[in-house]
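Reviewing the structure listed below.
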Amino acid sequence: MGGAPLPWRVRLRLALLDRCAVEPRTLAALAVVLVVAAGFAAHHYWSGRPRTVTASTELVALPSPAASEDGAGERDGAGEAAGEESGPATLVVDVAGEVRSPGLQTLAADARVADAVEAAGGVLPGTDTDGLNRARALSDGEQVLVGVTPEPLAADGAAAGAGVGGPVSLNTATSEQLQTLPGVGPVLAGNIIGYREQHGGFSSVDQLLDVSGIGERRLSDLESRVTL
């Protein structure tokens, strides 16, 4: 029976079916498997490819051992110099006379007579403090007399020039007499006596600057109250 010829595409499909004996569904499944396999292979290749790593060129500057030692030495030296210049942080004075609690008092290095009197409990009622300079700076080891008039000195050779209210002789005064001077305690009085014994006496009041514990300020307080 004759009829119209089949399209070429239909004829090609029928020819393939005859040769391969494979159904279209099977071919479609194989195609899907091939596409998935190709995708997996591409992903595996992409994730496993070599990558370029850029190293950081930033460097951290570390101090050299020599510089560290020099810096530490400078800091230590500055600390020692500051400690030497600052001097002692406290001083001890002996508060005697008409106060509530006479005795040794430990005070700040910049304390004054008023601070020493307050530390000793204050002045007793009725005490005459006209001759007490409450603003005077203190020195370590001195004695502060409150409401006490220095005892008259014996009228012998050792007490010459050291009468009541008069100047104290640097060359003949005893330790107790020297301690009646402002800012002079047992320690400083001992230094004055030790200096005059070592050098055969004082030839001028200015030689007090050579005594340990006496500086320009202390000399200015003493020079009008002492004699040779």
Criterion: over 30 Å from the mean Cα position of the chain (by Cα) and either open to solvent by 40 Å² or more (accessible area, probe 1.4 Å) or among the acidic types (Asp, Glu) (or both) - qualifying residue of Gly121, Gly126: Gly126
Unmet criterion (only one of (1) open to solvent by less than 30 Å² (accessible area, probe 1.4 Å); (2) at pLDDT below 55) for Gly141: (2)
Condition broken by Arg100, with the remaining ones in (1) modelled with pLDDT of 80 or more; (2) open to solvent by 30 Å² or more (accessible area, probe 1.4 Å); (3) under 30 Å from the mean Cα position of the chain (by Cα) satisfied: (3)
Pairs with Cβ under 9 Å, 6+ apart, first in the stretch 171-195 and farther than 18 Å from Ser220 by Cβ, second among the aromatic types (Phe, Trp, Tyr) and open to solvent by less than 30 Å² (accessible area, probe 1.4 Å): Asn171/Phe202; Tyr195/Phe202
Complete set of residues in the stretch 201-221 that are within 20 Å of Thr172 (Cα to Cα), assigned to a helix (DSSP H, G or I), of a type outside the set (A, V, I, L, M, F, W, C) and open to solvent by 60 Å² or more (accessible area, probe 1.4 Å): Asp206, Asp210
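The values are calculated or read from the model by the stated rules, or taken from the named source; none is laboratory data. This is a predicted model, so every value here is computed, not measured. So basically every Cβ, Gly included, is an ideal-geometry build from the backbone, and we count neighbours across all protein chains shown. Surface areas here come from the heavy atoms of the whole protein model, side chains and all, with no ligands, DNA or RNA. Shrake-Rupley method; radii C 1.70, N 1.55, O 1.52, S 1.80 Å.
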